[in-house]
1. Quick check on this structure: which one of Ala99, Ala64, Ala92, Ala68 is among the hydrophobic types (A, V, I, L, M, F, W, C), closer than 20 Å to Ser31 by Cβ and modelled with pLDDT under 95?
2. So which of Ser91, Ser47 ends up being under 17 Å from Thr15 (Cβ atoms), touching a Pro at 6+ places or on another chain (Cβ under 9 Å) and among the polar types (S, T, N, Q)?
3. Taking the stretch 28-66, which residues are open to solvent by 80 Å² or more (accessible area, probe 1.4 Å) and either aromatic (Phe, Trp, Tyr) or within 20 Å of Gln124 (Cα to Cα) (or both)?
4. Which members of the stretch 1-27 meet the condition of being farther than 19 Å from Gln59 by Cα, surrounded by fewer than 17 Cβ atoms within 10 Å (Cβ to Cβ) and among the aliphatic types (A, V, I, L, M)?
5. Please work out which residue is least open to solvent (accessible area, probe 1.4 Å), limiting yourself to the stretch 98-108 and to residues that are of a type outside the set (A, V, I, L, M) and assigned to a loop (DSSP other than H, G, I, E, B).
6. List the residue pairs whose Cβ atoms are under 6 Å apart, where the first residue sits in the stretch 11-26 and is assigned to a loop (DSSP other than H, G, I, E, B), the second is basic (Lys, Arg), and the two are 6 or more positions apart or on different chains.
7. Out of curiosity, is Tyr117 in contact with a Phe, Trp or Tyr (Cβ under 9 Å, 6 or more places away or on another chain), aromatic (Phe, Trp, Tyr), over 22 Å from Ile2 (Cα atoms) and surrounded by 13 or more Cβ atoms within 10 Å (Cβ to Cβ)?
8. Restricting to the stretch 80-97, and then to whatever is without any contact (Cβ under 8 Å) to a residue 60 or more places away in the chain and part of a strand (DSSP E or B), can you tell me which residue is surrounded by the fewest Cβ atoms within 10 Å (Cβ to Cβ)?
Amino acid sequence: KIPASTTLSAGNLVTWTAGYAVATLPVLATSKNSLSPIAIAPVAVSSSTSVQYGWFQIQGQGLALKTAVTVSPNSVIYASGTAGRFKVLTSAGGQILGARTANAATVTSTTSTVVLYINNPQMQGQIT
């Protein structure tokens, strides 16, 4: 479910709670080592004053928002310092498991989205 007064952009990475309330994936400092499930918001959502329900993608190819970095083909992805977006720069405890970039050519830093292959993605768990 999408809590009241929530806005999501198409391509936002999201997570959800035990009560299935959706939230934008928090920044790396908050989300690392959390094993949180992740999905892609396939369309923009702006909920009103009441709770709404929607679909989120957890498998297949999906267009996701990224940070302003160059993305090489078939890259591992990580949570970033920008909520709801990913990066490809290595961060301990910040890898998003079950997700890789699906681009055939390098994507420039000025492009805000890239296609991902996803299969029930989740944040990396504790590593030490």
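The values are calculated or read from the model by the stated rules, or taken from the named source; none is laboratory data. The model shown is predicted, which means the values in this text are computed figures rather than measured ones. For neighbour counting, all protein chains shown are included, and Cβ atoms are generated from backbone atoms with ideal geometry for every residue, glycine included. Please note that ligands, DNA and RNA were not included when accessible areas were found on the heavy atoms of the full protein model with its side chains. Shrake-Rupley method; radii C 1.70, N 1.55, O 1.52, S 1.80 Å.
1. Working: Ala99 fails: modelled with pLDDT under 95; Ala64 fails: modelled with pLDDT under 95; Ala68 fails: modelled with pLDDT under 95.
One residue alone meets the criteria, Ala92.
2. Details: Ser91 fails: touching a Pro at 6+ places or on another chain (Cβ under 9 Å).
The match here is Ser47.
3. Selection gives Ala29, Thr30, Lys32, Leu35, Tyr53, Trp55, Gln59.
4. Residues satisfying the conditions are Ala4, Ala18, Ala21, Val27.
5. If we take residues in the stretch 98-108 being of a type outside the set (A, V, I, L, M) and assigned to a loop (DSSP other than H, G, I, E, B), then Asn103 is least open to solvent (accessible area, probe 1.4 Å).
6. So the pair list comes out as Tyr20/Lys1; Ala21/Lys1.
7. Working: in contact with a Phe, Trp or Tyr (Cβ under 9 Å, 6 or more places away or on another chain): no; aromatic (Phe, Trp, Tyr): yes; over 22 Å from Ile2 (Cα atoms): yes; surrounded by 13 or more Cβ atoms within 10 Å (Cβ to Cβ): yes.
Judged against the criteria, Tyr117 is not a match.
8. The extreme case among them is Leu97.
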